[in-house]
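The values are calculated or read from the model by the stated rules, or taken from the named source; none is laboratory data. Quick caveat, the model's predicted, so the values are computed rather than measured. Positions of Cβ are generated from backbone atoms using ideal geometry, with glycine treated the same way; all protein chains shown enter the neighbour counts.
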Amino acid sequence: MAERGARVAALLLNWRQPDLTLQCLADLLAVEDEPLAIVVIDNGSGDGSAERLQQALRQLPASAHAVELLALPDNQGFTGGMNRGIAWAQQRGAEFTFVLNNDLRVPPQVVQVLAEVLANDARVSAVGPTVLFPDGTVWAAGGALRFGPNALRLLGHGGPPAPRDLGPQDVPFLPAACVLYRTAELVALGGFDERYFMYWEDVDLCDRLRERGGRIVWLPWQQVTHVAGASSGGGRSPLRKFLMANNAVRYLRAHGTAIAWAAWLCFDVLLWPLTLLLGPTAAFAKLRGTLAGLRGHRANAADVARFL
């Protein structure tokens, strides 16, 4: 049982990737200046992951960090799994909650730098680093809505990192691959909206945080590395295309402006046939996701089984 007292709770979600999870856990255990309460959440993997993780945790040497395993009975999605972790963080009195993907490599100083931003500026509700591809180019430096395909863009995607001397920057949202939040604000909002299951939930959460007056801040000089898409099979996997399309409709119904709806109609409906040129399997998964979203479908574990 993790002791109360750590101001940061780190939530590490696993679904059938114990090697990646343990690698990321090793990075968290290497943090020296910020004692952590770490919960490894197995999201109903059903493949022996939970047992392997439990065995690995039993063999950990003594550390300044407290580590627990939370084994869920079924796949509750990114949203459901992380919400169980948020409740865990609240129970242990953690002031801040660190949400991160298990395919991240996290340098030891990053967590403390993020925590100091929240500790020293009450206006900031969420803070995150630059997220890099393994080749050193940018996966995301925050994110924003766009008038274009898929409605979203990851800022800086594919380009070089911003100068390290660039100061903190406000952004519309932070991809939940690596973000530090205030636990009390997450609890007040009910955490991630579990109807999204996976994808768009981070955009929705940042919108709700900003509606409460909070700032969403990206720190250009802090960097982590992300093997993007490991859970869903990559950027053009049928699962990702289905979930992104399905949840785009859900998001637009909750937050969409006339311009956002017009962009969706233009790029994701009228121009859908052009996506066939990039591969019919992904294109038809996107179409099915769009139709499911219009019917009000709530993404779930059955979709994972169907498309992955």
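Testing L276 on (1) assigned to a helix (DSSP H, G or I); (2) hydrophobic (A, V, I, L, M, F, W, C); (3) under 24 Å from the mean Cα position of the chain (by Cα), one condition comes back false. Which one is that?
Unmet for L276, out of (1) assigned to a helix (DSSP H, G or I); (2) hydrophobic (A, V, I, L, M, F, W, C); (3) under 24 Å from the mean Cα position of the chain (by Cα): (3).
Among the residues of the stretch 59-85, write down those that are assigned to a helix (DSSP H, G or I) and either touching an Asp or Glu at 6+ places or on another chain (Cβ under 8 Å) or not aliphatic (A, V, I, L, M) (or both).
So in the stretch 59-85, the residues assigned to a helix (DSSP H, G or I) come out as 77-85.
If the condition is that a residue be assigned to a helix (DSSP H, G or I) and either touching an Asp or Glu at 6+ places or on another chain (Cβ under 8 Å) or not aliphatic (A, V, I, L, M) (or both), then G77, F78, T79, G80, G81, N83, R84, G85 are the ones that fit.
Can you spot a residue in the stretch 280-290 that is in a helix (DSSP H, G or I), small (G, A, S) and in contact with a Pro (Cβ under 7 Å, 6 or more places away or on another chain)?
yes
Quick check: is even one residue across the stretch 197-207 under 30 Å from Q90 (Cα atoms), aliphatic (A, V, I, L, M) and either in a strand (DSSP E or B) or over 14 Å from the mean Cα position of the chain (by Cα) (or both)?
The answer is no, given that none of the residues of the stretch 197-207 is under 30 Å from Q90 (Cα atoms), aliphatic (A, V, I, L, M) and either in a strand (DSSP E or B) or over 14 Å from the mean Cα position of the chain (by Cα) (or both).
Pairs under 9 Å by beta carbon, first residue on the phi > 0 side of the Ramachandran plot in the stretch 37-52, partner in a loop (DSSP other than H, G, I, E, B) and of a type outside the set (D, E, K, R), six or more apart or different chains?
These pairs meet every condition: G44/W15; G44/P73; G44/N75; G44/Q76; G46/N75.
Please find, among V117, V124, V179, the residue that is β-branched (V, I, T) and within 30 Å of G296 (Cβ to Cβ).
After applying the criteria, what remains is V179.
If a residue has to be closer than 15 Å to R16 by Cβ, among the acidic types (D, E) and either over 13 Å from the mean Cα position of the chain (by Cα) or surrounded by 24 or more Cβ atoms within 10 Å (Cβ to Cβ) (or both) to count, how many in the stretch 63-103 make the cut?
Residues that pass the stated criteria total 1.
Can you list residue pairs whose Cβ atoms sit under 9 Å apart, with the first residue in the stretch 197-226 being farther than 27 Å from D135 by Cβ and without any contact (Cβ under 8 Å) to a residue 24 or more places away in the chain and the second being outside any strand (DSSP E or B) and of a type in the set (D, E, K, R)? Count only pairs 6 or more apart in sequence or on different chains.
R208/D193
Evaluate the following for L145: is it under 30 Å from L271 (Cα atoms) and either surrounded by 15 or more Cβ atoms within 10 Å (Cβ to Cβ) or assigned by TED's automatic domain parsing to the domain that holds T21 (or both)?
It is true that L145 is under 30 Å from L271 (Cα atoms) and either surrounded by 15 or more Cβ atoms within 10 Å (Cβ to Cβ) or assigned by TED's automatic domain parsing to the domain that holds T21 (or both).
Answer yes if at least one residue in the stretch 242-263 is of a type in the set (V, I, T) and touching a Phe, Trp or Tyr at 6+ places or on another chain (Cβ under 7 Å), and no otherwise.
Yes: the stretch 242-263 contains one or more residues that are of a type in the set (V, I, T) and touching a Phe, Trp or Tyr at 6+ places or on another chain (Cβ under 7 Å).
Taking the stretch 122-136 as the search range and keeping residues that are in a loop (DSSP other than H, G, I, E, B) and touching a strand residue (DSSP E or B) at 6+ places or on another chain (Cβ under 8 Å), which one is surrounded by the most Cβ atoms within 10 Å (Cβ to Cβ)? Let's see the steps before the verdict.
The initial filter retains those residues of the stretch 122-136 that are in a loop (DSSP other than H, G, I, E, B), namely 122-123, 133-136.
Checking the rest, the ones that are also touching a strand residue (DSSP E or B) at 6+ places or on another chain (Cβ under 8 Å) come to 123, 133-134.
Numbers: R123: 9, F133: 15, P134: 11.
Looking at residues that are in a loop (DSSP other than H, G, I, E, B) and touching a strand residue (DSSP E or B) at 6+ places or on another chain (Cβ under 8 Å), I get F133.
Out of G190, G214, report the one residue that is small (G, A, S), touching a Cys at 6+ places or on another chain (Cβ under 9 Å), surrounded by fewer than 21 Cβ atoms within 10 Å (Cβ to Cβ) and more than 21 Å from A151 (Cβ to Cβ).
Of the residues listed, the single one that is small (G, A, S), touching a Cys at 6+ places or on another chain (Cβ under 9 Å), surrounded by fewer than 21 Cβ atoms within 10 Å (Cβ to Cβ) and more than 21 Å from A151 (Cβ to Cβ) is G214.
I'd like the residue in the stretch 294-308 that is in contact (Cβ under 8 Å) with a residue 60 or more places away in the chain and not charged (D, E, K, R) and, out of all such residues, is surrounded by the fewest Cβ atoms within 10 Å (Cβ to Cβ).
L308
Residues in the stretch 35-52: is at least one closer than 16 Å to L104 by Cβ, modelled with pLDDT of 95 or more and not β-branched (V, I, T)?
Yes: one or more hits.
Would you confirm whether any residue within the stretch 137-160 is touching a Phe, Trp or Tyr at 6+ places or on another chain (Cβ under 9 Å), polar (S, T, N, Q) and outside any strand (DSSP E or B)?
Within the stretch 137-160, one or more residues are touching a Phe, Trp or Tyr at 6+ places or on another chain (Cβ under 9 Å), polar (S, T, N, Q) and outside any strand (DSSP E or B).
Mind listing whichever residues of the stretch 2-22 are assigned to a loop (DSSP other than H, G, I, E, B) and either at pLDDT below 95 or within 26 Å of L186 (Cα to Cα) (or both)? Before the answer, list the steps.
To start, the set of residues in the stretch 2-22 that are assigned to a loop (DSSP other than H, G, I, E, B) comprises 2-7, 15-17.
Matches in the stretch 2-22: A2, E3, R4, G5, A6, R7, W15.
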